[in-house]
Structures are given as structure tokens and as C-alpha cells.
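All of the numbers you see were taken from the coordinates with simple rules; none came from a lab. Please read all numbers here as calculations on a predicted model, not as lab measurements. All Cβ positions, glycine included, derive from the backbone under ideal geometry; neighbour counts span all protein chains shown.
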Amino acid sequence: MQRPSFLPLAASLALGVPLLAGAATPHQPQFRIDNFHAPLRIDNPFSAMKPGTRTVTFELEDGECKVNDVVVTNTAKRDFEGIYAGLTARAVSDRVWSDPTCKGKRTLLLENTTDYYGQDNGGNVWYFGEKTVEYTYDDAGHRTSSDTAGSWIAGNDGALAGIVMLAKPVVGQFYRQEFLAGEAEDEALVVNVGIHASTGLGDFSGCVRTRETTELSPGDVEYKTYCPNVGTVRVEAPSVHGGAELVVITSL
């Protein structure tokens, strides 16, 4: 279905922010190092990353339960190359465990990832890459192999940073979250703003809902709900008959 045309806002373009609502293809955010005076201060209310914060979500994918444990660390990455040289980004630990009984018990480590984020002067949260390892096991639970596919770092091998959360989301904005051809091509479309969400942690208002897809697997779709001062509270993944819900948010 064709989307309506639009006129970009000059002030937004000056910051490289994707305010191109209604675009037929995702906008590639334009990076400028001088727009990142304090990239480690990530306080966007929909995606705040205060060091020491831990969030735990329970996931379901194709009938299999998992536990996703995310910790915002005090570690920073500073060795970017190309146009990203001089940038400092926050490292976030993201681990996924199998949960065979679907009761929140962690059994086998399935994925071990370090993600790199930074916030620009306008409040947009950028994604600068990830180092990820996915593990496979035999029927006895012995690790048999590992795979680093999907890893990428902005500035290496043509990889480009994207945005994971806008400072002021507007319905219809369509933008890249990451880009390395054939490896990392996630994109997001803002579908709702100012909505209500209820989870086991409580009721939230003023939330944002996005539709996230990738050209690498066109049939896979995730709907994510972000709420102020909490972050991601729910993920719906109809293509895999699953999703995720935030169950714990703490400070270490």
C-alpha cells in the first residue's frame, strides 16, 4: 500500500533525525560526530540506559520459552573507525537463556551479546553495533558450536549506525536501526503514540508502539511497546507465535 507523501522539517534534517513520516523505504539516519557531546548520557524516557540497570523479560518463540537478561554496564567503547572515529558508546550486556519449563529458570546460554548505544544532542538513541555469539547444543546439553553471524560495528566494512528510539516519535516515521548489508538490516516504523499498556508490572500511559522488520527475513515482524521511564514493556511477534514481556527492572 502506497504511503502519503510528506515534507521534511529543516531543523530535523540538520540533526540527521528521521522525521520522514510516510516514506516507502526506511530513512538512513545521517551521523555527525559534533552532534554527540555527551553520548553516554542516555536518558530518552522511552529507552533510558542508566549504568547498573538490569531488565529481565520472559520470551516465547515457536513454543520455546527463554529468559532475556539485559544489563547496562559502565563500560564504554571508544575505538570506532571511519566517520565514527572519536565516538564513545555505552556497552550493554544482553544474554538469552533457555527456559524449558517456562517458569523463568535459566538453563542453557543461547546468546551472548554486547550492544553499543549512544544518545545525540537531540535525545535520539543510536545503535552503533553489536558483538554477538549464538550457541547450539546437542540433546545432552553439551555445547556443539557457536556462530557470530549478525555482529557488526559502525564504521567497519561499510556498516552504518541507526536509531533505536527517537526523541519525539511521530506516527509514520520509518527509519533504519542498523545497517550492514546481508548481516544487520533492522528497521522500525512508528505505528502508535500516546497509547496505554498493561503488564504484570503495572499500567502505563503515553507509550509508543513500533513495527520492526528486517529485509533479511521479510516475513518476520515484531511489534514493540515502549513506555516512559520504563522502556520496552512488551514485544509481540506474530510471525513466530510468540513475544516477550518485561517482568523485572532493577538497579544493581
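Note on segment 50-179: percent of Cα-Cα distances in each 5 Å bin, starting at 0 and stopping at the bin with the largest distance, equals 2, 10, 15, 19, 18, 15, 11, 6, 3, 1, 0.
Mind jotting down the distance between the C-alpha centroids of segment 46-94 and segment 153-210, whole Å? Distance between centres, Cα-based: 14 Å.
Note on Arg32, Arg209: ascending count of other Cβ atoms within 10 Å places them as Arg32, Arg209, the fewest first. Packing-based ranking of 132-139, 242-249, 121-128 yields 121-128, 242-249, 132-139, ordered from highest to lowest mean Cβ neighbour count within 10 Å. Shape annotation for the chain: C-alpha extents along the principal axes are 58, 40, 37 Å, from largest to smallest. Working note: Cα atoms of segment 28-104, range along each principal axis, descending, whole Å: 49, 26, 23. Count the net charge of all other residues whose Cβ sits under 12 Å from the Cβ of Lys224, scoring Lys and Arg as +1 and Asp and Glu as -1. With Lys, Arg at +1 and Asp, Glu at -1, the net is -2. Remark: segment 225-231, residue by residue, has Karplus-estimated 3J(HN,Hα) of 10, 10, 10, x, 6, 10, x Hz, where x stands for each Gly or Pro and the curve is 6.51 cos²θ - 1.76 cosθ + 1.60 at θ = phi - 60°. Distances between every pair of Cα atoms in segment 184-233, grouped in 5 Å steps from 0 to the bin holding the largest one, split as 5, 21, 27, 19, 13, 10, 5, 0 percent. Note on the chain: helix-only mean residue ellipticity at 222 nm, from DSSP H runs of 4+ residues weighted -39500 (n - 2.57) and normalised by residue number, equals -500 deg cm²/dmol. Applied to segment 157-174, the Karplus parametrisation 6.51 cos²θ - 1.76 cosθ + 1.60 on θ = phi - 60° returns per-residue 3J(HN,Hα) values of 6, x, 6, 10, 6, x, 10, 9, 8, 7, 5, 9, x, 10, 4, x, 5, 10 Hz, with x for Gly and Pro.
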